[in-house]
Amino acid sequence: MIRGLVLCGGESKRMGKDKGLIAFGSGNWAAHAVWKLEQLNIPVSISINPAQMQTYGHFFSAEQLIVDRTHAKGPLQGLLSTHLKYPDDDLLLLACDMIEMDTETLIELLEHALKFPGYDYYVYGQEDLTEPLCALYPSATLKKLYQELEQGHLPGFSLHKLIKKGNYKTLPINNIQTFNNYNTATI
């Protein structure tokens, strides 16, 4: 099964406040990302750090929230924590600060994963740059990464570097604006 995962567990140091809870329409950035993934008719979880549990509990069900529980860092921590709860699910990751992401781009990503099985990662990119915060991570890849983490063999936590070392399928970015990350308070 494919599960959507909204990444909200970062420290938001550059933004200065929790990005997922920034008001947007009648909700917030996290709810907006959840809504986009729900348009794909897949279950959706929200990755948070332990300090966010109480606040996010006001907006989302406890079942939707996945609290970081690995010793990985950055987005990989959210991916692997969700993998531990749903070990058979492929995870379609979407960062909460990618508020301009469109449903068509997400559908295209899913279609490529179904059409071209067997890759470690499905990512958008251009030239030598990949976009790991809107990507599909198969359960077999996450299982391997978690085993490497536990055995102390994971070479680092950078999704960019892990993807580059793996067998990945790149999709061209048709609209670069949909991949904007809003991570400073200047918006």
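Any read-out appearing in this document is the output of simple, stated calculations on the displayed coordinates, not a laboratory observation. It should be emphasised that the depicted structure is a prediction, and the values quoted were computed from it without experimental measurement. Methodologically, a virtual Cβ is constructed for each residue, glycine included, from the backbone with ideal geometry; neighbour enumeration extends over all protein chains shown.
Values for this structure:
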| read-out | value |
| --- | --- |
| Entries in Lys73/Lys165; Lys19/Lys169; Lys73/Lys161; Lys143/Lys165; Lys73/Lys115 that, when Cα-Cα distance is taken, lie over 23 Å | Lys19/Lys169; Lys73/Lys115 |
| Alpha carbon Rg of the range 36-93, scaled by the compact-globule rule 2.2 N^0.38 Å | 1.10 |
| Top positive-direction residue, dipole computed over the chain with Cβ charges, set Tyr86, Tyr124, Gln177 | Tyr86 |
| Over the chain, relative contact order from alpha-carbon pairs under 8 Å, at least 6 apart, % | 25 |
| Label-point gap, in nm, between Glu150 and Ala23 - each point 7 angstrom along Cα→Cβ | 4.5 |
| Per-residue Cβ neighbour rank within 10 angstrom, fewest leading, Met1, Met98 | Met1, Met98 |
| Unit charges on C-beta of K, R, D, E only; dipole of the range 2-179, Debye | 480 |
| Length added when fully stretched, Asn41-Leu84, from 0.36 nm per residue minus Cα-Cα | 13.3 nm |
| Stretchable slack from Asp128 to Ser61, in nm (0.36 nm times residue separation minus alpha-carbon distance) | 20.2 nm |
| Dimensionless Rg ratio for the chain, taking C-alpha atoms and the 2.2 N^0.38 Å reference | 0.96 |
